[in-house]
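Inspection log for the structure reproduced underneath, given as structure tokens.
The values are calculated or read from the model by the stated rules, or taken from the named source; none is laboratory data. Computed from a prediction, not measured in an experiment: that's the story for all the values here. Glycine gets a Cβ as well: all are built from the backbone with ideal geometry, and neighbour counts include every protein chain shown. Quick note on the areas: whole protein, heavy atoms, side chains included, nothing else; ligands and nucleic acids left out. Shrake-Rupley method; radii C 1.70, N 1.55, O 1.52, S 1.80 Å.
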There are 2 protein chains.
Amino acid sequence: VTGELRLVERLVQRFGSAPAGETWAGDDTAVLRAPAGTLLFAIDPVVEGVHFLPGRDTAADVGWRAMARNLSDLAAMGGAPHSAVASVLVPDPCEWDLDELADGLAEAAESFGCPVVGGDVSTGPVLVVTVAVTGSVVGEAVLRSGAQPGDTLFVTGALGGLPRRPRPRLAEGQAARAAGATAMIDTSDGLPLDLRRVARASGVGVALDEVPVVPGGSFAVGDDYELVFAAPDPVAVLAAFDAASLSAPIRIGRCTDSPGSYTLGDGPLPEGGWEHTWH
Amino acid sequence: VTGELRLVERLVQRFGSAPAGETWAGDDTAVLRAPAGTLLFAIDPVVEGVHFLPGRDTAADVGWRAMARNLSDLAAMGGAPHSAVASVLVPDPCEWDLDELADGLAEAAESFGCPVVGGDVSTGPVLVVTVAVTGSVVGEAVLRSGAQPGDTLFVTGALGGLPRRPRPRLAEGQAARAAGATAMIDTSDGLPLDLRRVARASGVGVALDEVPVVPGGSFAVGDDYELVFAAPDPVAVLAAFDAASLSAPIRIGRCTDSPGSYTLGDGPLPEGGWEHTWH
């Protein structure tokens, strides 16, 4: 319990300064100015033994990734972060450094402008960090369902990397939206599965030419925090990314009018990926 | 994994019908019209072995309580529910009936007008249901910090009940806010601790006359989902509850100008309660 209270104190200390008229940690709920435009809302956990392991991952990396996973979901809508709440389950005894966990959460939150405005610390059998985020988008969010035959498919970077501190592609998602992206998803469950989700929701097929992967990586692993999106005007996409000083997205293929057909070069697009997520 | 997918399907089925212009489950995040006024945001988990037990609790009750805990936090601000997301960790093998879990979540969500608009199902060592909610309040939320010496203290019902399906006091919280409540909290961690939180945040003392408890109950146990609030005008409070056709709240005492002093009748207010929550 002492460790839990220290974690609370450290998080409150790092996010202690709500702007005038707002209340963050310290009450039954956070009290916030509502964002302008459309509200985005998502939740994602990271679980010891499933998403991270003692010995392999540091507590700071766990905190960072708990935040980054959620921010990547906002990025995939073309949205901007608004605020986060965190629920932490702490095992007793706890071998994790909870100060470092709080610091990792806070560093990701600060890096991407998504303050942790409240939360809860309880006991659990293993370390679990569940973050929920709100975000906003002015205009229309980019769903999975708008891709059209003929749209060009892009990824925001080479797949198969498993970065210790992944950077959610928030600026890239917003640039893609501004450039008229018709459908977008992050590759958290692996490109083959995530791209099929887009294609099924949109009623299109997918013909890929080539998919960039990091040396030694695989594009079917997921957890690489890139975005894949469809857009009708590739020139507008490249211009929007250039105007935002972002690395150019990589063309991987196009959407076709053959729903259910998924090809890579001359062959089928492999299966694979994590099928357990709901949203 | 089959059980997880069925849980996803069942939740999507129960909350499948987003209004026009909104997208609920099925994309990277939910897309919602932002509520008018001020945004409230909170997260709370229920954990097997901590908040519920196999044999004692049904899966449906677990789902209900996961939602009710969060709604009680909104009630304590005088707020109205807007939307919820749920993260469910499912052990493998799983002895819990996940259909019933989804039904319990859905029944509480429907009973109190807080649709589950998205979520995630992952593997975990025990069943964990973490719900995050947004809500709204038009005007000022009722914080913990506004109580003044002389304010009357009320509870919304007898404490110490451990109902299988607690009903968050949303209407009562809104009536208290409308009647000028200066500070409010739910008694989830037990009245002695929760009332001290209000008193510390407000810089007042507390002099209680008598605290209503259910037969055989204790007011220090918590988990009773009542509200305790301070208000300067008890007549206005009783009128507001009567106008809303709510049971009259019960006067338990008053706030004093002696910070740090907590009395019940002629003696001290006992200690006790759950100290691990952050918000």
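Do we find that residue A:268 is over 24 Å from the mean Cα position of the chain (by Cα) and either modelled with pLDDT under 95 or open to solvent by 20 Å² or more (accessible area, probe 1.4 Å) (or both) in this structure? Yes. Once region A:176-188 is narrowed to residues that are in contact with a Lys or Arg (Cβ under 8 Å, 6 or more places away or on another chain) and under 19 Å from residue A:67 (Cβ atoms), the residue that is modelled with the highest pLDDT is A:186.
Based on this model, can you work out whether residue A:241 counts as open to solvent by less than 10 Å² (accessible area, probe 1.4 Å) and either in contact (Cβ under 8 Å) with a residue 40 or more places away in the chain or in a strand (DSSP E or B) (or both)? Step through it out loud before you land on a result.
Numbers: open to solvent by less than 10 Å² (accessible area, probe 1.4 Å): yes; either in contact (Cβ under 8 Å) with a residue 40 or more places away in the chain or in a strand (DSSP E or B) (or both): yes.
Considered against the rule, which asks whether it is open to solvent by less than 10 Å² (accessible area, probe 1.4 Å) and either in contact (Cβ under 8 Å) with a residue 40 or more places away in the chain or in a strand (DSSP E or B) (or both), residue A:241 comes out as yes.
Of A:150, A:157, A:173, all but one fail to be at pLDDT 95 or above and buried (at least 24 other Cβ atoms within 10 Å of the Cβ); the exception is A:173. The set of residues from region A:8-30 being open to solvent by 10 Å² or more (accessible area, probe 1.4 Å), hydrophobic (A, V, I, L, M, F, W, C) and at the interface with chain B (Cβ under 8 Å from one of its Cβ atoms) comprises A:8, A:12, A:25.
Scanning region A:244-253 for residues that are open to solvent by 60 Å² or more (accessible area, probe 1.4 Å) and either of a type in the set (Gly, Ala, Ser) or in contact with a Leu (Cβ under 6 Å, 6 or more places away or on another chain) (or both) yields A:245, A:247, A:248.
Contact map, region A:170-188: first residue more than 11 Å from every other protein chain (Cβ to nearest Cβ) and without any contact (Cβ under 8 Å) to a residue 12 or more places away in the chain, second residue of a type in the set (Val, Ile, Thr) and surrounded by fewer than 23 Cβ atoms within 10 Å (Cβ to Cβ), Cβ cut-off under 9 Å, separation 6 or more or different chains; the map is empty. The residues of region B:52-93 that are within 13 Å of chain A (Cβ to nearest Cβ) and part of a loop (DSSP other than H, G, I, E, B), listed by number, are B:76, B:77, B:78, B:79, B:91, B:92.
For residue A:220, the conditions (1) open to solvent by 50 Å² or more (accessible area, probe 1.4 Å); (2) modelled with pLDDT under 95; (3) of a type in the set (A, V, I, L, M) are fulfilled apart from (1). Restricting region B:180-210 to residues that are β-branched (Val, Ile, Thr) and out of contact with any Gly (no Cβ under 8 Å at 6 or more places or on another chain), the residue that is surrounded by the most Cβ atoms within 10 Å (Cβ to Cβ) is B:204.
Of all residues in region B:50-102, exactly one satisfies the criterion of being open to solvent by 10 Å² or more (accessible area, probe 1.4 Å), within 18 Å of the chain's Cα centre (by Cα) and β-branched (Val, Ile, Thr), namely B:50.
Filtered by the rule that a residue be farther than 25 Å from residue B:174 by Cβ and either open to solvent by less than 10 Å² (accessible area, probe 1.4 Å) or among the aliphatic types (A, V, I, L, M) (or both), region B:103-138 gives B:118, B:119, B:120, B:121, B:122, B:124, B:126, B:127, B:128, B:129, B:130.
None of B:134, B:123 is over 13 Å from the mean Cα position of the chain (by Cα) and either within 13 Å of another protein chain (Cβ to nearest Cβ) or not hydroxyl-bearing (Ser, Thr, Tyr) (or both) except B:123.
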